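Comments concern the structure below.
Nothing in this text is a laboratory measurement; each read-out follows from the coordinates by a stated rule. Predicted model only: the values in this text are computed from it and were never measured. Glycine also receives a Cβ, built like all others from the backbone with ideal geometry; neighbour counts cover every protein chain displayed.
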Amino acid sequence: MSNARAMLDTYPKDRDGFDSDLLARCIEACFDCSQTCTACADACLAEDMVAELRSCIRTDLDCADICATTGRVLSRQTGYDAGVTRALLEACRTACKTCGDECAGHAEMHEHCKVCAEACRRCEEACAALLSSMS
């Protein structure tokens, strides 16, 4: 269970620019996707056909790092910078789309890639929803 919403609700100042539900959902999706992509990369390394999964591993690790960074920045409300936030959400959405597409291509053969593709899609959607609410 995530504490993202609980922490947002305890923030001592007024927050401008975000729907709290969308923000909490996006933070949670980012951290979940980061963990899932890290685990998928590790599982790919354990496969006998690891050489064929090289691109998947790289994409997983890039997505994991971008999602984790996005989740951390979204968690900080003090000194909020809309330009930085938008850029990170766009980058996260792009990384999740790329990783989701890559993992979907391996999903029939590797269950971990199926799980990862689904997590990437959820995060991509959460980033898009939060971006739309900022306009």
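For the reader, a short list of remarks on this structure follows.
- For the chain, leaving out every one of the trypsin sites (Lys or Arg not before Pro) that falls in a DSSP loop and has at most 13 other Cβ atoms within 10 Å, the longest unbroken run is 16-75.
- Each Lys and Arg Cβ is given +1 and each Asp and Glu Cβ -1; about its Cα centre, segment 26-135 then shows a dipole of about 520 debye.
- Model label sites at Glu125 and Arg86, defined 7 Å from Cα along the beta-carbon direction, differ in position by 2.5 nm.
- Secondary-structure-derived ellipticity at 222 nm for the chain, considering helices only, amounts to -26000 deg cm²/dmol, per-run term -39500 (n - 2.57) for DSSP H runs with n ≥ 4.
- Between Ala119, Ala29, Ala87, the Gaussian network model of the chain with springs among Cα atoms under 10 angstrom shows the greatest mean-square fluctuation at Ala87.
- Most positive-pole-ward Cα, Met134, Ala64, Thr78, against dipole of segment 55-135 from beta carbon charges: Thr78
- Of the residues Asp60, Asp81, Asp42, the one that moves most in a GNM of the chain with alpha-carbon contacts below 10 Å is Asp81.
- Viscosity 0.692 mPa s, temperature 37 °C, Stokes-Einstein D of the chain from Kirkwood C-alpha radius, µm²/s: 219
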